[in-house]
Amino acid sequence: MAETGTSVGEISGQSKPINSVDFRPARPFRIVTASEDNTLAVFEGPPFKFKCTKQEHTRFAQAVRYSPDGSLFASAGFDGKIFLFDGATSELKGEIGSPAHKGGVYCISWSADGKQLLSCSGDKTCAIWDVETKERTHTFNMGNAVENQQVSCLWQKDHIITISLSGDITYLDISNPEKPLRVVTGHNKPITCLALHGTSLFTASHDGVVTRWNVNTGEAVHISGPGHGNQVNGMKACEDGSLLTCGIDDTLRKAVPANEGDVPIYSSDATPLGSQPKALDHLESEGITVVATVKELLVLKGNVKQKSLSLSYEPSCVTIDPESKHVAVGGDDNKVHIYSLSDLSVINELQHLGPVTDARYSPDSRYLVACDAHRKIILYTTEEYKLAHKAEWGFHTARVNRVAWSPDSSRVVSGALDTCLIVWSVAAPTKHIVIKNAHPQSQITGVSWVDNETIVSVGQDANTRVWSVPNA
């Protein structure tokens, strides 16, 4: 009981896990459960006691729902069947469809008036049924891929919503079953990297899904075409709206919009890299891409390799300074290696106390910031690669994963394994802003600045978050 917390019965009588339960919203009160032993169990009360089982399903009983007035309840199972029962007596009223779906039915939901029923299935379709005639009135084809299987649904007043295996939330249009009203998409796997251009934010997860977000509206759409199909390790958004990515399929790929403003689409062309890439950067003015792989540093122009340099360490990041044409590469040898872009000759080596995890040149080319697994962020001047100040940027409590510059080169944001974001000021190096638990219980895997007071972060929790950080 909600008022006293005392027990008013127990749920028992089924031999395997229960997948669904519902409560009759009218007297006499009933509870019905659906179990993996293929049965439905009915309980009368209060106090609730087992009354009977219903054995119409031949495979897992997956969902049970009472109608809004409690006069009926429906059950659905992995045998593709939907049954109707009397809400009070539990008497079988009939079967909807024969069967309702070609695949298992994961969920059902009643319309507000109780005259229609929504179902979603592993056969990648959703359907609306007339309860009186038990006939299908609408069919929604959700796609052909495995991730288009529909695993949950809800009919809430005027809104008809389904959720797919990929995590997409689709608002169905009953007047136009061929085109949904809206699709809310995103990631359901840890995000590995991000890239930003204007108001378009690109994120990639370890299953190879690349998504473009509108930072202002939060709307998202997946990048289509023959992508990597597995983890993306590096990404760069270009001025022309195209996107460069490298993944653990050991290729460099490019997604290009058909028209200005369109969502980029991967072409079938892929540049083989010879070994697994760890990071990339792109120099827009010269059309040059630098890719750091586990074996070498590659300089490419378009799809053509221009230069390469074998590496004795495993790189973690790469950044290009467009003014000096220097390339900074962080390594697991506790160093930031500075190379000349023209011939990949060594210019300098900057020593850290732990493996370098990220490095970024400032937009004004005056600074290089690098972070490491020893929890430190170090700021260098690019003139001689000396320390820019004596203040210690070491307030993270675990490995720092990513750093990024504000567009005006006045602030740096860092994201770490400790789930925190910290904003650092170049002008006042002893001051900083800490955003604790920016991604609760999840390390931060990418950071960027939308503008001088707005940060975007991504994490292993598959979330993309936007933060307002005013400049004091």
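The values are calculated or read from the model by the stated rules, or taken from the named source; none is laboratory data. Source: prediction; values computed, not measured. Ideal geometry is used to build each Cβ from the backbone, glycine not excepted, and the neighbour counts take in all protein chains shown. Each accessible area value is taken on the protein alone, full model and side chains, heavy atoms only, with ligands, DNA and RNA left out. Shrake-Rupley method; radii C 1.70, N 1.55, O 1.52, S 1.80 Å.
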Difference of contour (0.36 nm per residue) and Cα-Cα distance, PHE23 to LYS179: 52.8 nm
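At 1.4 Å probe size, put SER285, SER205 in order of accessible surface, largest to smallest. Numbers along the way, then the final one.
Details: SER285 95, SER205 0 Å².
My answer, sorted largest first, is SER285, SER205.
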Give me the Debye-computed log₁₀ of I(q)/I(0) at q = 0.17, 0.19, 0.20 Å⁻¹ for segment 1-140, equal point scatterers on Cα only, no solvent, two decimals. -0.86, -1.05, -1.14
For LEU387, what accessible area in Å² do you get when you roll a 1.4 Å probe over the heavy atoms of the protein chains, rounding to the nearest 10? 120
Mind giving me the FRET efficiency for ILE347 and TYR171? R0 is 60 Å, r the Cβ-Cβ distance, nearest 0.05 is fine. 0.65
Backbone N under 20 Å from the GLU95 label point (7 Å along Cα→Cβ), restricted to segment 27-48: 34-41
Over segment 164-249, what is the relative contact order in percent, taking alpha-carbon pairs closer than 8 angstrom and at least six residues apart? 21
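Please list HIS159, HIS374, HIS101 from largest to smallest accessible area, probe radius 1.4 Å, with all protein chains kept in place. Each step should come with its number before you reach the end.
On the way: HIS159 100, HIS374 75, HIS101 5 Å².
Largest to smallest exposure gives the sequence HIS159, HIS374, HIS101.
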Computed FRET value (nearest 0.05) for ASN452 with LYS16, which takes r as the C-beta separation and R₀ as 60 Å: 0.55
Gain in length, TYR313 to GLU384, computed as 0.36 nm per residue apart minus the alpha-carbon separation, to one decimal in nm? 23.2 nm
Quotient of Cα Rg and 2.2 N^0.38 Å for segment 314-404, N being how many residues it contains: 0.99
With label points set 7 Å from each Cα along the Cα-to-Cβ direction at THR4 and HIS197, the distance between them in nm comes to 6.7
Can you figure out the FRET efficiency of SER71 with ASN230, using R₀ = 60 Å and their beta-carbon distance, to the nearest 0.05? 0.75
Tell me the label-point distance for the pair GLU147, ASP408, using the 7 Å Cα-to-Cβ offset, in nm and rounded to one decimal. 3.9
Kindly identify segment 173-320 as rounded, prolate or oblate by the Cα gyration tensor criterion: order the square roots of the eigenvalues as a ≥ b ≥ c, call it rounded if a/c is under 1.5, otherwise compare a/b with b/c, prolate if a/b is larger, else oblate. prolate
Which semi-axes, in whole Å and largest first, does the equivalent ellipsoid of segment 1-53 have when worked out from the alpha carbon gyration tensor as the square roots of 5 times its eigenvalues? 20, 12, 10
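How high is the relative contact order of the chain? Use alpha-carbon pairs under 8 Å, at least six apart in sequence, and give a whole percent.
6
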How large is Rg/Rh for segment 388-472, to two decimals, with Cα atoms and a Kirkwood Rh? 0.94
Would you kindly find the accessible area of LYS307, with a 1.4 Å probe and non-protein molecules such as ligands, DNA and RNA excluded, rounding to the nearest 10 Å²? 70
In cubic angstrom, how much convex hull volume per residue do the alpha carbon atoms of the chain span? 184
Could you state the orientation-averaged shadow area of the convex hull built on the Cα atoms of segment 73-112, in nm² to one decimal? 3.0
Treating the beta-carbon of each Lys and Arg as +1 and of each Asp and Glu as -1, no other charges, what is the dipole magnitude of segment 81-168 about its Cα centre, to the nearest 20 debye? 140
If every Lys and Arg gets +1 and every Asp and Glu gets -1 at its Cβ, then about the Cα centre segment 205-292 yields a dipole, in debye to the nearest 20, of 240
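I want to verify the translational diffusion coefficient of segment 329-377 in µm²/s; compute it with Stokes-Einstein, Rh as the Kirkwood radius over Cα pairs, at 37 °C and 0.692 mPa s.
294
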Report, in debye and to the nearest 20, how large the dipole of the chain comes out about its Cα centre when Lys and Arg carry +1 and Asp and Glu carry -1 on their Cβ. 760
In whole µm²/s, the translational diffusion coefficient that Stokes-Einstein assigns to segment 233-329, given a Kirkwood hydrodynamic radius over C-alpha pairs, 25 °C and 0.890 mPa s, equals 181
Where labels lie 7 Å past Cα in the beta-carbon direction, separation of ALA258 and ASN437 in nm: 4.6
Cβ-based charge dipole, segment 238-388, positive-most Cα from TYR339, ALA258, SER362: TYR339
Most positive-pole-ward Cα, SER406, HIS389, ILE377, against dipole of segment 375-415 from beta carbon charges: ILE377
Charges on Cβ only, +1 for Lys and Arg, -1 for Asp and Glu, centred on the Cα centroid of the chain; of GLN150, VAL291, ILE108, which one is farthest towards the dipole's positive end? ILE108
